Structures are given as C-alpha cells and as structure tokens.
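Heads up: the structure comes next, in structure tokens.
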C-alpha cells in the first residue's frame, strides 16, 4: 500500500517561539499512504511539528513540502495545502453554532464550491462511516465526547483530504469512548489514508503504524517500525518513556 | 406468584394544584416568606393603587379642551389625544401625513414578523427592511421627486424623527462596529492603529459635544457655500459615536471565542473573511446579544439629545406642548406619555433580544 511518492517532506526544519527553540533540525519524509505515530513526553514538540504541516504554526528555517507544494508566506500555497490536509484536534473544535451536518458541509461548500445538495450527500456518507448518521441534525453540544470526535473526523474527511493529521485525538475522552474513535481511525488507516497521529495509544500504534517516531526536547530521538520500536528500543530516553507509559 | 398490576393514577392533592397551589408554593412556602410576601403585597397595594387610580380610574378619557379636565383628579389623556398628531408627525405638513404613515406601516410590517417563529419569509423581509425600506422611506419623507412635494428636514420631527434617528443609528452602527472590532484585532499595524484611534476618540467624548461639534463647529471649518444638512450631520455624529461603543461590545465577543475555532476553520482552508463570516462572527455576535441590545437601547434614548441642536424629537415636542398655555397643568401627562413611548420601543427591543437568545441557543458549549 505504501508507495514511494513523498506526501510530506521536512528538511532541516527549525522553529522558535521567541528565543525558545521548539523544533530542532527536523528531517522527516512521509510517503503516500504511510501511517506514522508520533509519541513523546509533553512539551517535546510533537503537536507543534504536525501543526507546521498545515501551517497552523510557522517554521522559521528549513523546508516543508506537502504534496509537492512548499510552505512559505504565500497565502495561496497555504490554502492549497490546507485543502488537501485534514486535521483532528484534541478538543474536537467543532463549530457549536452549526449542526453536525452543517459542520460537515461547511468546508465542501465554501472551500470546494460544492453544491449544497451534493455536499450533504457526501457528508451523510461520511457520517455513516463514522457510525453516527442519526445525529446529523443535532448540535455538537448535544453529543458525547466520542461522538464529537467522530464528527470531527467525518468533517475532515468531507474535504476528501490526501493526508490526515491527528493531534492527540483521544486524550480528552473518557476511557469508554476512546475505542469508538480508535476504531474509526483504524478503519481509515486500513483504507490507505496517509496519516500522522500524535497519540499515546500504543495499542493503536502497534496495530496500524508503519513507523513510530519518538520525540523529546524538540528533536526526533528515534524512529522505527512499531515491532522494533516497542520490543527493542535503541535510545535510553525512549526506553525510559516506554517503561513509564507501559509500566503503569 | 402475584400478577403485577399498575396502580391507577390518582389526581394530585388539591393544595398543590391550581391557584391555591401556586400561592402556597410561591408566596407562602414558609413563615418568613409569608411575612415578606404580605409586606410586599401591602406596599404594592399602597403605591400602586393611587397610580392605577390616576392613570385609569379618575382619568379623563373623553371631552373637549382644557375645561373637561378642570375638575378631574386623574390624568388628562384628552391632552395627549389632542396633541398626538404633533407628537408623532412634528411640524410635517398635515396634508402630507400619509407619507409618514406609509413609512411607519412599512416599518411595522418589516420588523413585526421577526417576532413570530412560524412566519415563513423572514429572510426576504429582513433584507427588505435593511435595503429597500430605507430608500423608499427617504424618498417618501423627503419628497422632491415622483411628484411628491419636497419637505425640508427642518420640518421633520416628533416620534417619527426619533424612530428615524434610532433606525439609521442602529442599522449603520452595527456593521461599522463589526468592521472596527475586526480591525482592532487585525495583525496589520496601520489598520489596527486606525481602528484603535477611531474608537478611543469617539468613545472619549460625550455625545452632546459630538452633536454640538456637528451642528455648530463643523460649518465653521467647511469652505464657504459648502453646507450639508443638519439632520444628516446629527445622524453621522450619532452613528460614529455608537459604532465606537458597538465595536468594543463586539470585540468582547470576539475575544471569548476559543482559539481552537480559528484553528479548525483555518485547517479546513477557509480564508479570513469566510472564517469570520461563517464561524467566528455568528458565535461572537450571539454571545454579545445582551451587550448589543444594551447599546441599541442607549442609542434610542440618546436620540433625545438632538433637542439641543434644534431638532424636534418627541420629547422636545412634548415639552413645547406642556408650555403651551392652551392646556394647563399637564406636565405629568406629557412626560408620562413621552416615557411610555420610549419604554415601549426599548422594551420591544429587549424582548426581541431575549427571544433571539433562546432561539440561537444550541445546547451546551464544548
């Protein structure tokens, strides 16, 4: 399923918040269809890194090339990239004043200029895939956390993105709801979507990831296939991290 | 084994239902509450009774002229009835009153439906009331074309002038306020400084001095021969002043929107204006409905200040009528009537805003 075409390339990418060096010399190449799980302690720069991919955060030096488009200050390019990159957030960030269906059709109608009827059909199709078509008329505030996150995934998929970014999609959920969201993500992975997931769900990583990346202090410390990553970590920092999250 | 049998429904005890139940639950639930209720009822009756007597029972409703009120201990409402055309139309030529009538009917027709949930054509009616209605009204009231006699703005007055000032102020201040609020949060330094300067300048001066400036000072600075209408100047002054307030109210709403909403909208590929229009402003404006309506109500009442630059709004005409020696001792009636006019419109706005808030409520936020 993994082709050799590159979906995302980061070359010597650096980012600072003021004087604070958040991301240091990030080099990462993600092939089309590849599923990558990024983990690491909090404050290690994982979220910042994936937020650079759709330019929610700006990088200062180095290159980021997404789908062959290099991210610069050029707003047109940023819009082009954002059209092709979907994102799910830790706190879902659904639009509370719109119904579930309207949340899903907003992007297709206003960014892709799709007719309303067609956008609604597409949206219902994706809501069915995340198994909540019956909630289409409700407002986000009336749904449970797990349902909201599934709507958020459907909302991103409605834009038919080539790449999906997940920024700790299950961290704000009750344990019982984590599974329903992970199931949807596993299904998506099995369909060949290019995915970058910041998550601490190690079961998910083992099941779907092609590569696991461990970050600390703004650097990529280790990257490997999940089997070797979990069973045979090379770096001491990785070993300590894994012993802590698996040990408890 | 016994068969399960549902017990029949019994009516609730008498003491918890109907009027008796309501009294018991709300007025006399405990000894202390009962005492408080009784004291409150006593005061309401002592103070309300004379008011009701004055307004309704002893009031004079029929008759001709001041003499009919000479013996009365209550309100002299025939004074109001006698002067009602003046209060409403001001010194507009009486044979042209129908033009103001048409405008007023259009106003009621275009805003009335917003109070009814079931009314099907709210959208088109709202667009009409914001676009076609002001244009039609302007040509009707001002005249000078379509075979209508021209009525200069000096002759506009009364409640119709109050409504006109308030309508233009409200309809213009909201969009200008939105633009200023967005500008003040802009990342472009020139736009941001301009908006901050504009807002702080207008907010820092009293409306009364703005009106003075507009009517007395401005003509001094304008080149000879260039002069524009006093009413127009007052309108611009009021609009600028209120949009500065409006901008700050709306900015409060914008700041309450979590950054995640901006991020989700950006990640979707929506540009700045679409983000604002589709995601941020609908939420921000909904949050600050109470503040917006507060500003509207303040604006409505502030229109009385045009009195000091010689425009005759309803309050000015009431004052003039009170001083007219034809009617004696009618101050209270006049001011009660003026107060009632203002209260009626302000209260309607307040009710409408509450209705809007309920309608736009979409369950708990995240």
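Any read-out appearing in this document is the output of simple, stated calculations on the displayed coordinates, not a laboratory observation. Owing to the predicted nature of the structure, the values given are computational and were not obtained by experimental measurement. A quick note on method: Cβ atoms are made from the backbone with ideal geometry, for glycine too, and the neighbour counts reach across all protein chains shown.
Restricting the calculation to Cα atoms, the stretch B:173-250 shows an Rg/Rh of 1.05 when the hydrodynamic-style radius is the Kirkwood one. Report note on the peptides B:67-73, B:228-234, B:4-10: ranked by the mean count of other C-beta atoms within 10 Å, highest first, their order is B:228-234, B:67-73, B:4-10.
Return, ordered by residue number, the residues of the stretch B:53-85 whose backbone nitrogen is under 11 Å from a label point located 7 Å along Cα→Cβ of residue B:328. Under cut-off, by backbone N: B:66-67, B:70-71. Which value at 222 nm does chain B reach when only helices count, each DSSP H run of 4 or more adding -39,500 (n - 2.57), with the total divided by all residues and rounded to the nearest 500 deg cm²/dmol? Computed ellipticity for chain B at 222 nm equals -20000 deg cm²/dmol. Placing one equal scatterer on every Cα of the stretch A:1-66 and applying the Debye formula, the log10 ratio I(q)/I(0) at q = 0.20, 0.26 Å⁻¹ is -0.80, -1.22. Of A:175, A:41, A:140, the residue with the greatest mean-square motion in the GNM of chain A, using alpha carbon springs below 10 Å, is A:175. Relative to the longest principal axis of the Cα atoms of chain A, helix A:75-84 runs at roughly 80 degrees. Any chance you could tell me what percent of the C-alpha pair distances in chain B go past 40 Å? It works out to 34 percent of all Cα pairs. Ordered by the number of other Cβ atoms lying within 10 Å of each residue's own Cβ, fewest first, A:197, B:103 fall into the sequence B:103, A:197. Between 0 and 90 degrees, rounded to the nearest ten: what's the tilt of helix A:100-110 against the longest Cα principal axis of chain A? Roughly 80 degrees, rounded to the nearest 10. The relative contact order of chain B comes to 17 percent, based on Cα pairs under 8 Å that sit 6 or more residues apart. From largest to smallest, the equivalent ellipsoid semi-axes obtained for the stretch B:223-273 from the alpha-carbon gyration tensor read 40, 15, 6 Å. The shape of the stretch B:1-68 can be summarised by an equivalent ellipsoid whose semi-axes, obtained from the alpha carbon gyration tensor, come to 50, 20, 5 Å from longest to shortest. Model label points for residue A:24 and residue B:119, set 7 angstrom from Cα along the Cα-to-Cβ axis, are 6.6 nm apart. Between the stretch B:1-61 and the stretch B:223-302, the alpha-carbon centres lie 44 Å apart. On the principal axes of its alpha-carbon atoms, the stretch B:266-329 has extents of 72, 21, 13 Å, going from largest to smallest. Net length available on complete extension from residue A:179 to residue A:42 is 47.1 nm, with 0.36 nm assigned per residue and the Cα-Cα distance removed.
Full extension of the chain segment joining residue B:228 with residue B:272 gains 12.1 nm, where the gain is 0.36 nm per residue of separation less the Cα-Cα distance.
Counting pairs of Cα atoms in the stretch B:129-186, how many percent are more than 16 Å apart?
Here the long-distance tail beyond 16 Å is 56 percent of all Cα pairs in the stretch B:129-186.
Across peptide B:267-277, the mean count of Cβ atoms from other chains lying within 10 Å of each residue's own Cβ comes to 6. FRET efficiency for the pair residue B:192 and residue B:171, taken as 1/(1 + (r/R0)^6) with r the Cβ-Cβ distance and R0 = 30 Å, rounds to 0.70. Using the Cβ-Cβ distance between residue B:36 and residue A:69 with R0 = 60 Å, the FRET efficiency computed as 1/(1 + (r/R0)^6) comes to roughly 0.25. Beta bridges from DSSP with both residues in chain A: antiparallel share about 55 percent, rounded to the nearest 5.
Protection proxy ranking for B:308-320, B:334-346, B:269-281, using the average of other Cβ atoms within 10 Å per residue and placing the highest first: B:308-320, B:269-281, B:334-346.
When the Kirkwood hydrodynamic radius is evaluated over all pairs of different C-alpha atoms of the protein assembly as shown, what value in angstrom, to one decimal, is obtained?
30.2 Å
Over the protein assembly as shown, what is the percentage of antiparallel beta bridges among all DSSP beta bridges, to the nearest 5? If we restrict to bridges inside the protein assembly as shown, about 50 percent are antiparallel. Shielding of peptide A:187-196 by partners, expressed as the average count of other chain Cβ atoms within 10 Å per residue Cβ, is 0. Computed over Cα pairs, the Kirkwood radius of the stretch A:168-222 leads via Stokes-Einstein (0.692 mPa s, 37 °C) to a diffusion coefficient of 269 µm² per second.
Based on the Kirkwood approach, the hydrodynamic radius assigned to the stretch B:1-142 is 22.1 Å, with every pair of different Cα atoms included. Report, to two decimal places, the Cα Rg of the stretch A:59-101 normalised by 2.2 N^0.38 Å (N = number of residues). My calculation over the Cα atoms of the stretch A:59-101 gives 1.53. Whole-percent P(r), the stretch A:20-106, all Cα pairs, 10 Å bins from 0: 13, 42, 34, 11, 0.
I need the fraction of alpha carbon pairs in chain A separated by more than 30 Å, rounded to a whole percent. Percentage above 30 Å: 26. Average 1/r across all pairs of distinct alpha carbons in the stretch B:311-366, invert it, and you get the Kirkwood radius: 14.0 Å.
Simple spin-label estimate for residue B:71 and residue A:235 gives 10.4 nm between the two label positions (7 Å along the Cα-to-Cβ direction from each Cα). Taking a ≥ b ≥ c as the square roots of the Cα gyration tensor eigenvalues, with a/c under 1.5 meaning rounded and otherwise prolate when a/b beats b/c, else oblate, which class fits the stretch A:105-227? Judged from the Cα gyration tensor, the stretch A:105-227 comes out prolate (a/c at least 1.5, a/b above b/c).
Ranking of A:200, B:361 by neighbouring Cβ atoms within 10 Å, starting from the fewest: B:361, A:200. In this calculation the C-beta distance from residue A:225 to residue B:47 is compared with R0 = 60 Å, giving a FRET efficiency of 0.10.
Quickly rank B:49-59, B:251-261, A:201-211 as a protection proxy: mean count of other C-beta atoms within 10 Å, highest first.
Details: B:49-59: 13.0, B:251-261: 15.7, A:201-211: 18.5.
Output ranking for B:49-59, B:251-261, A:201-211: A:201-211, B:251-261, B:49-59.
For chain A, the longest principal axis of the C-alpha atoms and the axis of helix A:145-157 are separated by about 90°. Each residue, residue B:216 and residue A:12, gets one label point 7 Å from its Cα in the Cβ direction; the gap between the two is 7.1 nm.
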